[in-house]
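Below: the structure, in structure tokens.
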Amino acid sequence: MPPLPRPAQRTEVTLPPRTGLLASSTDVLVVGGGPAGFGAAIGAADAGAEVVLVERYGFLGGNATVALVMPLMSFHNERKQALVNDSTRILPTDHGEGEPVVAGVLGRMLQRLTAEGGAIPPSRETGYTVPFDPEQLKLVLQDMLDEAGVRVLFHSFASGTAPVDDGHRVVFETKSGPIVIDARVVVDCTGDGDVAAAAGAPYDVGREEDDLVQPMTLQFRMVDVMTPQFAHYVRDHPEQWRGVHGLWNLIRDATEAGELELPREDMLFFGTPHPREISFNSTRVTGVLATDVWDLTCAEVVSRRQMAQIARFVRDRVPGFAEAYVAQSGMIGVRESRRFCGDYQITGHDVLAGRKFPDGIAQCAYPVDIHNPEGSGTLLRRVPPGESYDIPLRSLMPREVDALIVAGRCISGTHVAHSSYRIMPVCMATGQAAGVCAAIAVRTGRQPRDVPAADVQRVLRAQGARLRDGLGE
Ligand SMILES: Cc1cc2nc3c(=O)[nH]c(=O)nc-3n(C[C@H](O)[C@H](O)[C@H](O)COP(=O)(O)OP(=O)(O)OC[C@H]3O[C@@H](n4cnc5c(N)ncnc54)[C@H](O)[C@@H]3O)c2cc1C
């Protein structure tokens, strides 16, 4: 049976009025436990605020664990940038030296994860990416939140918000019925900005010319890969590769033979900390929106069938995969949805010029990286070698709404700029800055947008965050 179709006609029905249980009142409420939410909760708690973090699933990590998105992409300002980042440690790498431009909460988390064997530290060999184990990541994130004194509530989906005298009252759907949490400041780290949208903050979706967003991708892990055999094949067939994008000829042959029907011309692989495991970022579903339940359902079904084709294809045609099998697939991965209109909108030009802002609260050196919203192909454009750009505090402040900050992939930027700052390390950094700003706003009785950027920068530096020289010193 095909999935339940979208109703042909829009018929609205009235629902019974209801009450909700007041579950908590807090200084700072972080909604969403992904990279941004984790950064925000630690940033706010370390800055002295009482913090509650609420997440719709039963564990932390967001895309990194729910959607099996890996590795952490590069947060280094390479002086010579290779065409694409790699973590397979199989492909010949061509990366120049680079310094990290993100530290703070990310740095502390990586130290922990690496010490526990759950991540490979970034280096020229990994193309400055960080291959990690998602199960170990879940545990490290939980331990760090517990140690920071953040109270967590899982299995609670934010469905609405109403202004209260001194902040917001956010409604969550739970198995215990509707609950509400009052907060002086909310940090929306839901990726889609569900709370900010419910609060009426204006946002954009997709490309300026046609509103199309980047495609969705289901990521999956194959294990029992004979890596030496695969590595041998890769080295003997350089014509099949452009960085980690590869297998063009084999894909063409399999497509002509009717074995593959994919809207992309290559496969994108990544290594993990486990030598016989490969992570695939190779399915693609275009023309779907993350804020539309019918599109999400369709994307899950279509991408999982693509996964089955890909697994069959690599087993049949790619040396080293004969015995490999899919150990796990994630939930459909969403690259792009709402981008809130903030007090400043980051542009593609800012990214490619390595632009600096006096209210910079995080840095990013990752390229413009746009998976074609219409089909095959991926556009990559570099930040100048050795450079990075600043993310201004103003881009975290949604217009027309107070007592609410956005962080992570839904901050204010164009479609092009978003394709760069959406990577997980940078989302964690904007989260940390949002958390610090929220804590200062509560302590000083100001609206977040009235908190001086210099105060946020000083606290971020004290928390170990990496800002451009001259900021927060
Ligand atoms: C296929 C794909 C490949 C990618 N590849 C990479 C890569 O290799 N490396 C990299 O660094 N980045 C990569 N990215 C980008 C990166 O994964 C995301 O941009 C990043 O995870 C965004 O972080 P976030 O915290 O803003 O949101 P998310 O990671 O999406 O986290 C949001 C959290 O909020 C929760 N949530 C959502 N709505 C609600 C609600 N209403 N109520 C309560 N909780 C809610 C979610 O369950 C989730 O835990 C990729 C993305 C995709 C989709």
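Only residues that are over 27 Å from F280 (Cα atoms), assigned to a loop (DSSP other than H, G, I, E, B) and of a type in the set (A, V, I, L, M) were counted across segment 181-239, and they come to 2. Contact annotation: residue pairs with Cβ atoms under 6 Å, 6 or more positions apart or on different chains, pairing a residue in segment 434-451 that is assigned to a helix (DSSP H, G or I) with a partner that is of a type in the set (K, R), are V442/R184.
Conditions tested, residue by residue: (1) touching a Pro at 6+ places or on another chain (Cβ under 7 Å); (2) within 15 Å of the ligand (Cβ to nearest atom); (3) within 23 Å of D192 (Cβ to Cβ).
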| position | (1), (2), (3) |
| --- | --- |
| M109 | no, yes, no |
| R112 | no, no, no |
| G118 | yes, no, no |
| T126 | no, yes, no |
| T161 | no, yes, yes |
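In the condition set (1) crowded, with 20+ Cβ neighbours inside 10 Å; (2) farther than 30 Å from A407 by Cα; (3) within 15 Å of the ligand (Cβ to nearest atom), T283 is compliant with all but (2). Close contacts from segment 58-71, counting a first residue that is outside any loop (DSSP other than H, G, I, E, B) and a second that is among the basic types (K, R) and more than 6 Å from the ligand (Cβ to nearest atom), with Cβ to Cβ under 7 Å and a gap of 6+ residues or different chains, come to T65/K138. Inspection of segment 88-101 finds no residue satisfying the criterion of being crowded, with 23+ Cβ neighbours inside 10 Å, modelled with pLDDT of 95 or more, in the same structural domain as C427 (by TED's automatic domain parsing) and away from the ligand (no atom under 16 Å from the Cβ). The residues in segment 288-340 that are loosely packed, with under 15 Cβ neighbours inside 10 Å and part of a loop (DSSP other than H, G, I, E, B) can be counted, and the count is 3. Of all residues in segment 341-374, those satisfying the criterion of being out of contact with any helix residue (DSSP H, G or I) (no Cβ under 9 Å at 6 or more places or on another chain), farther than 22 Å from A40 by Cα and assigned to a loop (DSSP other than H, G, I, E, B) are G354, K356, N372, E374. Look at (1) away from the ligand (no atom under 16 Å from the Cβ); (2) in contact with a Gly (Cβ under 6 Å, 6 or more places away or on another chain) and you find that H349 fails only one, number (2). If you take the residues of segment 7-33 that are within 15 Å of the ligand (Cβ to nearest atom) and touching a helix residue (DSSP H, G or I) at 6+ places or on another chain (Cβ under 6 Å), which of them is nearest to T444 (Cα to Cα)? Here the answer is V30.
Considering only residues in segment 191-225 that are surrounded by fewer than 17 Cβ atoms within 10 Å (Cβ to Cβ) and of a type in the set (V, I, T), the one that is farthest from G330 (Cα to Cα) turns out to be V205.
When restricted to residues that are within 16 Å of the ligand (Cβ to nearest atom) and of a type outside the set (A, V, I, L, M), segment 45-60 contains 5.
Sort out which residues of segment 387-430 are charged (D, E, K, R) and within 13 Å of the ligand (Cβ to nearest atom), and write them in order of number.
R409, R422
Among the residues making up segment 188-221, those that are away from the ligand (no atom under 14 Å from the Cβ) and aliphatic (A, V, I, L, M) are A201, V205, L212.
The values are calculated or read from the model by the stated rules, or taken from the named source; none is laboratory data. Note that the structure is predicted; figures quoted are calculated from it, not measured. Backbone-built Cβ (ideal geometry, glycine too); neighbour counts: all protein chains shown.
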